[in-house]
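Visitor: Just passing along the structure, written as structure tokens.
The values are calculated or read from the model by the stated rules, or taken from the named source; none is laboratory data. If you're wondering where the values come from, they're calculated on a predicted model, not measured in any experiment. Methodologically, a virtual Cβ is constructed for each residue, glycine included, from the backbone with ideal geometry; neighbour enumeration extends over all protein chains shown. Calculation scope for accessible area: heavy atoms of the full protein, side chains included, ligands and nucleic acids excluded. Shrake-Rupley method; radii C 1.70, N 1.55, O 1.52, S 1.80 Å.
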Amino acid sequence: MATDRFIKRLFHVCITVPDIEKALAFYQGVLGLESVGSLRNEKTDGAALGFPGQEIEIHADHLAGKLTDNATVIDLIQFVRPATIVGEGPYRETNHVGITRIAFEVDDTDAIYEKLRTRGNVDILGKPATVTSPTTGSLRILTFKDPHGIILEVIEHHPASD
């Protein structure tokens with residue numbers, strides 16, 4: 001049975017934050033992502049983001065890592081109008097239904113762990129651990145929360161040696 005394949009690639013992952021500058025200080029200053037596009041006080045038709053019939057206002061930055069060709073970007077967005085809702089916050093743990101974490105491929109998980117650990121204000125959910133990759137080799141993984149409580153993961157892939 002033939003199946004239509006509509007999806008070309010994952011375009012972006014959106015992280016809604018209450019304070020774009022605080023988020024940028026972490027995602028750029030700590031994780032080293034680079035802004036590849038920025039909007040401030042952008043007023044637009046709300047229908048595109050689930051607010052039909054309303055004009056909304058946002059701040060946004062599209063962030064990318066070192067590998068930018070066809071890369072999925074992180075879209076940090078702060079809703080100005082209507083304002084970002086800060087309720088119970090993001091998931092406290094990763095075993096909830098839904099998108100519970102975002103993972104970044106990195107070259108050195110342990111170096112990032114040391115950087116986050118010495119900051120003292122990042123909730124690290126466990127020391128780096130090595131697990132078997134579902135494809136080949138192994139993965140060195142570190143899971144932590146950003147300053148807004150969003151669960152992030154950095155993964156260092158070690159291919160199987162022949």
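Visitor: Quick one: in the range 108-162, of everything that is among the hydrophobic types (A, V, I, L, M, F, W, C) and over 23 Å from VAL13 (Cα atoms), which residue is farthest from the chain's Cα centre (by Cα)?
Guide: ALA160
Visitor: Being crowded, with 16+ Cβ neighbours inside 10 Å and without any contact (Cβ under 8 Å) to a residue 24 or more places away in the chain is the filter here; which residues of the range 50-70 pass it?
Guide: ILE58
Visitor: I'm trying to understand the selection: among the residues of the range 125-150, which are hydroxyl-bearing (Ser, Thr, Tyr) and either surrounded by 11 or more Cβ atoms within 10 Å (Cβ to Cβ) or assigned to a loop (DSSP other than H, G, I, E, B) (or both)?
Guide: Across the range 125-150, the qualifying residues are THR130, SER133, THR135, THR136, SER138, THR143.
Visitor: Given the residues VAL80, VAL97, VAL122, which is the only one that is over 13 Å from VAL30 (Cα atoms), in a loop (DSSP other than H, G, I, E, B) and of a type in the set (Val, Ile, Thr)?
Guide: VAL97
Visitor: If you check GLU153, GLU105, which single one turns out to be open to solvent by less than 30 Å² (accessible area, probe 1.4 Å) and in contact (Cβ under 8 Å) with a residue 24 or more places away in the chain?
Guide: GLU153
Visitor: Going through ILE99, ILE74 one at a time, which residue ends up being closer than 15 Å to CYS14 by Cβ, within 13 Å of the chain's Cα centre (by Cα) and at pLDDT below 90?
Guide: ILE99
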